[in-house]
Amino acid sequence: MGLVSEAVQNMEDEFDEEAMERDKFEIKHFGLLNFTVFWFISAQEYPCLSELSLTKIIGIDSSLLRIHRTISPHLPQIMEFTEAYKQTGPCCFSPNSRYVAVANDYRLVIRDTFSFQVVQLFSCLDKISYIEWALDSEYILCGLYKKPMIQAWSLTQPEWTCKIDEGPAGVSYARWSPDSRHILTTSEFQLRLTVWSLLNTACVHVQWPKHGSKGVSFNKDGKFAAICTRRDCKDYVNLLSCQSWEIMGSFAVDTLDLADLEWSPDDSSIVVWDSPLEYKVLIYSPDGRCLFKYQAYECGLGVKTVSWSPCGQFLAIGSYDQMLRVLNHLTWKTFAEFLHLSTVRAPCCAAIFKEVDEPLQLDMSELSLDDNFMPSNYDASEGYISVRYEVMDLPVAFPFQKPLVDKPNPKQGVGKLSLLHPNAI
């Protein structure tokens, strides 16, 4: 209870004694003292409860949470949940984490992530299908694919608006450029990719992009863009300057059906991989020279996902054979291989945890609480679940679903991967 005494002492120093004597810190008037003590006790015995849950139990206003945090920053802080907000479309956080955008039919609601108050409310011309923030968190675009058109809004200039309509060509996808002042749209049937400027209303067209939502990658400083195109039954990579959006160069790639590409973090190379029908990964220099060709096996479904390490020294390749292969950037040879097992058997150094949900039982019989402290209709066990983790004994078989052989894109293999800095995981 030393922490509680210190917190109460800090609170007493902040408020004058006359006001404290008048209000006597009754729960119906202030509730902070009881909340602090109750929060400290509950955080020790029931760590799954959040602060907002405790305010509901005690019956005080949630605005006291801010005061509670200032006087007791050393008390345990637990995950909190807000009330449910209406949402019918996509939502995403801004890159600077200050705002969250929520689509509700044709309305775009921008909320502050600290207070969750509405910062801006924009009305679009149709139902919102897609939203994306600009990297500077100042602009946001909405994809109205049923219309089809794109609308962009500014948080700092609410009266400013932008509408992009491709006409009969339609819009299948839209994305921001790294400078947050250009929007790239792809038309239906991949007829063209258009770069729209928010500065001078100019636009630049790139004919025959290979994909709608894929096939575009920017280098680290955002000065150049690599775009996949296809013409005359052949795949190409076009390099564009992000200042003038002129094509700086173009080279053909040795793929049957190019799936995607990605710049390396050090901008020294571009990785290109083929469709799942053929295992083929190609490393190209920006001037079009093929640095290395990697093919782990033949006669089977091939590459499913590719990712660079943050420093660019390793390239991870996940494939349909449940295998993750890591290449080094010096020799482009296999550095490590990891198999995605469906069953873990002993001996094994891995610890496997299983999540177990249990009803939470709150026993407050030993707490000295007055009648005003707890609501009369409070049920301690209603709606609260305690979560714990158990270490499982080996062998452990993970859930496995056999893919359907008569349908495309089987649900097997390494579908998503990401390397963490400093490339240890």
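Laid out as a table, the results:
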quantity: Complete set of residues in the stretch 217-234 that are surrounded by fewer than 13 Cβ atoms within 10 Å (Cβ to Cβ) and either in a loop (DSSP other than H, G, I, E, B) or on the phi > 0 side of the Ramachandran plot (or both); calculated: D221, D232, C233
quantity: Residue in the stretch 254-275 that is nearest to the chain's Cα centre (by Cα), counting only those that are within 18 Å of C311 (Cα to Cα) and part of a strand (DSSP E or B); calculated: E262
quantity: Any hit, the stretch 284-291, residues being at pLDDT below 90 and open to solvent by less than 80 Å² (accessible area, probe 1.4 Å); calculated: no
quantity: Selected residue (only one of S180, S154 is closer than 18 Å to A101 by Cβ, without any contact (Cβ under 8 Å) to a residue 24 or more places away in the chain and open to solvent by less than 30 Å² (accessible area, probe 1.4 Å)); calculated: S154
quantity: Count of residues meeting criterion [under 20 Å from W332 (Cα atoms) and either in contact with a Ser or Thr (Cβ under 8 Å, 6 or more places away or on another chain) or assigned to a strand (DSSP E or B) (or both)] in the stretch 235-253; calculated: 0
quantity: Residue ID - most open to solvent (accessible area, probe 1.4 Å), chosen from residues in the stretch 186-202 that are under 24 Å from T156 (Cα atoms) and outside any loop (DSSP other than H, G, I, E, B); calculated: W196
quantity: D136 being among the charged types (D, E, K, R) and surrounded by fewer than 14 Cβ atoms within 10 Å (Cβ to Cβ); calculated: no
quantity: Filter result for K214 (open to solvent by 30 Å² or more (accessible area, probe 1.4 Å) and not in a strand (DSSP E or B)); calculated: yes
quantity: Only listed residue being open to solvent by 20 Å² or more (accessible area, probe 1.4 Å) and farther than 19 Å from V271 by Cα, chosen from C311, C348; calculated: C348
quantity: Some residue of the stretch 323-330 being open to solvent by less than 40 Å² (accessible area, probe 1.4 Å), in contact with a Lys or Arg (Cβ under 9 Å, 6 or more places away or on another chain) and touching a residue at least 12 places away in the same chain (Cβ under 8 Å); calculated: yes
quantity: Residues that are in contact (Cβ under 8 Å) with a residue 60 or more places away in the chain and closer than 22 Å to L191 by Cβ, drawn from the stretch 243-290; calculated: W245
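Residue-wise test of (1) in contact with a helix residue (DSSP H, G or I) (Cβ under 6 Å, 6 or more places away or on another chain); (2) over 13 Å from Y320 (Cα atoms); (3) buried (at least 19 other Cβ atoms within 10 Å of the Cβ).
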| site | (1), (2), (3) |
| --- | --- |
| D257 | no, yes, no |
| L261 | no, yes, yes |
| S268 | no, yes, no |
| W273 | no, yes, yes |
| L277 | no, no, no |
| L282 | no, yes, yes |
| A296 | no, no, no |
| C299 | no, no, no |
| G302 | no, no, yes |
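The values are calculated or read from the model by the stated rules, or taken from the named source; none is laboratory data. Computed from a predicted structure; not experimentally measured. All Cβ positions, even for glycine, are placed from backbone atoms using ideal geometry, and neighbour counts span all protein chains on display. With ligands, DNA and RNA removed, areas are computed over all heavy atoms of the protein, side chains included. Shrake-Rupley method; radii C 1.70, N 1.55, O 1.52, S 1.80 Å.
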